[in-house]
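Undergrad: One structure follows; several queries about it will come next.
What follows is calculated from the coordinates using simple rules that are stated; it is not laboratory data. The model shown is predicted, which means the values in this text are computed figures rather than measured ones. Reconstructed Cβ throughout: ideal geometry from the backbone, glycine too, with neighbour counts over all protein chains shown.
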């Protein structure tokens with residue numbers, strides 16, 4: 001009896017362990033966004049670039065302070081030759097030498113080169129932070145898009161499953177009617193082909209769903225070999241809470257669109273800083289036309305023994321002045337190249353502005369179109385449900401054909417799929433508009 005109890009106890013432990021290890025992890029949309037902002041490769045790369053640019057500010061500022069150098073040396077010179085003087089061996093004493101040097105120098109003026117480098121490094125760091133903000137916005141949008149695509153494919157998979165069940169039930173009824181001679185063999189074969197096509201559609205829908213899961217997990221830098229339970233998202237509540245008319249009214253005026261989006265988009269602010277940096281490049285290039293003035297000071301000590309090292313010292317200080325007479329036109333070439341970079345940066349700024357305006361305009365149109373499409377799909381659902389019901393009744397009563405029923409079922413399945421696509425197209429269009437305006441910060 002005790003042995004049976006022990007075996008039963010071990011079995012329960014193994015069963016609980018199996019359930020524990022086989023339990024899939026849950027993943028919600030907020031969790032997916034949080035994971036994306038933490039582990040996505042684009043986020044990590046943008047954060048590293050920002051950190052590197054911050055180090056550049058420190059490097060540029062250190063160029064403004066004096067440089068300090070110190071050196072110490074010591075040597076001993078032994079003569080290997082032994083002289084004989086008056087019959088006595090004369091071994092020369094070794095000669096020692098010790099010295100210590102301390103030097104410092106600072107650039108007093110270099111045509112504003114150093115100061116412009118500090119300004120440029122600061123602007124570059126700020127631009128990288130703005131790019132980081134935009135990267136996070138893009139990642140959040142992409143997580144939303146992939147998550148909604150996954151849920152879309154999951155809903156389409158459910159539509160395919162329900163359609164296949166109806167098709168299989170219809171095939172079973174036709175097969176039974178055919179056995180008793182109520183229906184022809186041709187109708188049985190026709191329904192058999194339709195059922196096979198529905199099975200193929202289900203396989204494709206399942207494949208699309210599995211691929212969308214893998215795409216989402218890969219983008220979130222999660223292990224695709226692990227099982228994740230993707231929690232459903234209340235899209236009806238999300239859509240109902242979205243005041244489409246308010247969205248469209250807010251962005252109906254082109255001038256308002258430009259002001260709102262351009263003022264809030266971090267990539268536009270980054271483009272402005274790039275223009276400022278290009279202007280700094282011109283100043284830096286022109287700095288070589290100016291003289292360079294430096295101050296320096298030094299202190300040195302030397303002696304033949306360490307104890308006498310501080311007894312003999314020398315101090316010096318001075319100014320140095322250098323002026324470029326001719327540099328093989330390198331300076332003029334550098335200035336022209338800097339001007340061209342400034343022109344390119346200004347054109348890029350204008351292009352960014354135009355891009356923002358187009359993106360916002362297209363996002364508004366897409367949202368409006370998705371909203372209209374959703375309204376149409378809802379009406380199609382009602383109509384196709386009624387058509388299918390009538391076709392089923394007519395076929396059952398013998399007043400309709402199997403072809404009419406198949407067409408009604410196909411139209412209903414298409415209407416259900418269109419409704420699913422319209423719902424998620426609307427949600428993605430909403431996220432696209434949020435991304436285009438660029439107000440959100442994460």
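Undergrad: Hey, rough spin-label estimate for residue 311 and residue 51, points 7 angstrom out along Cα→Cβ, what's it come to in nanometres?
TA: In this crude spin-label approximation the distance works out to 5.6 nm.
Undergrad: Relative contact order of segment 295-435, please, whole-number percent, based on alpha carbon pairs below 8 angstrom and at least 6 residues apart.
TA: 21
Undergrad: Most mobile of 153, 245, 412 per a Gaussian network model of the chain (Cα springs, under 10 Å)?
TA: The residue that fluctuates most here is 245.
Undergrad: Would you mind pulling out the separation of the Cα centroids of segment 379-432 and segment 167-222, in Å?
TA: Their Cα centres are 16 Å away from one another.
Undergrad: Order these by the 10 Å Cβ neighbour count, fewest first: 326, 426, 141.
TA: Ordered by Cβ neighbours within 10 Å, fewest first: 326, 141, 426.
Undergrad: Calculate, in nm to one decimal, what residue 180 and residue 75 gain on full extension: separation in residues at 0.36 nm each, minus their alpha carbon distance.
TA: Here the answer is 26.0 nm.
Undergrad: Here is a further query. Taking every pair of Cα atoms in segment 174-325, average 1/r, invert it to obtain the Kirkwood radius, and report Rg/Rh to two decimals.
TA: Values: Rg = 40.1 Å, Rh = 27.2 Å.
Reported Rg/Rh, Kirkwood definition of Rh: 1.48.
Undergrad: What fraction, in whole percent, of alpha-carbon pairs in segment 328-391 exceed 18 Å separation?
TA: I get 68 percent for the Cα pairs in segment 328-391 exceeding 18 Å.
Undergrad: Now, a different point. Tell me, what does the Kirkwood hydrodynamic radius of the chain come to in angstroms if you use every pair of distinct C-alpha atoms?
TA: So the Kirkwood estimate lands at 30.6 Å.
Undergrad: Modelled label-to-label distance, residue 28 and residue 442, 7 Å Cα→beta-carbon offset: nm?
TA: Rounded to a tenth, the inter-label distance reads 1.7 nm.
Undergrad: For a quick size check, give me the Cα extents of segment 115-187 along its three principal axes, largest first, whole Å.
TA: Principal axes ranked by extent give 97, 17, 8 Å for the Cα atoms.
Undergrad: In deg cm²/dmol and to the nearest 500, what is the mean residue ellipticity at 222 nm of the chain if only DSSP H runs of at least 4 residues count, each as -39500 (n - 2.57), divided by the residue total? Kindly include the intermediate steps, with their values, before the conclusion.
TA: Working: 11 runs with 306 residues, N = 442.
The helix-only estimate for the chain comes to -25000 deg cm²/dmol at 222 nm.
Undergrad: May I have the convex hull volume per residue, in Å³, for the Cα set of segment 276-317?
TA: It is 121 Å³ per residue.
Undergrad: Quick one: if you stick a label point 7 Å off each Cα along the C-beta vector at residue 404 and residue 250, how many nm between them?
TA: 5.1
Undergrad: Could you identify which residue out of 111, 74, 400 has the top mean-square fluctuation in a GNM of the chain using Cα springs shorter than 10 Å?
TA: It is 74.
Undergrad: Would you list 62, 290 from fewest to most Cβ contacts within 10 Å?
TA: Numbers: 62 11, 290 14.
Fewest to most other Cβ atoms nearby, the residues stand as 62, 290.
Undergrad: Running a GNM on the chain with Cα contacts under 10 Å, which residue among 230, 364, 133 ends up with the highest mean-square fluctuation?
TA: Top of the fluctuation ranking is 230.
Undergrad: What is the gain in length, in nm to one decimal, between residue 320 and residue 263 on full extension, counting 0.36 nm per residue of separation less the C-alpha to C-alpha distance? Numbers along the way, then the final one.
TA: Numbers: separation 57, 0.36 × 57 = 20.52 nm, distance 4.84 nm.
Net length gain for the segment: 15.7 nm.
Undergrad: On to the next question. Given R₀ = 22 Å, FRET efficiency for residue 211-residue 37 by Cβ-Cβ distance, to 0.05?
TA: FRET efficiency, residue 211 to residue 37: 0.40.
Undergrad: Taking the square root of 5 times each eigenvalue of the Cα gyration tensor, what semi-axes in Å does the equivalent ellipsoid of segment 93-234 have, largest first?
TA: Taking √(5λ) for each Cα gyration eigenvalue gives 76, 20, 11 Å.
Undergrad: Roughly speaking, what is the stretch gain from residue 223 to residue 61, that is 0.36 nm per residue apart minus the C-alpha to C-alpha distance, in nm to one decimal? Working shown, then result.
TA: On the way: separation 162, 0.36 × 162 = 58.32 nm, distance 4.36 nm.
So the chain would gain 54.0 nm between residue 223 and residue 61.
Undergrad: Using the 10 angstrom Cβ neighbour count as an exposure proxy, how do 258, 266 rank, fewest first?
TA: 258, 266
Undergrad: Relative to the first principal axis of the alpha-carbon coordinates of the chain, what is the inclination of helix 185-219, with its axis defined by its Cα atoms, in degrees from 0 to 90 and to the nearest 10?
TA: 20
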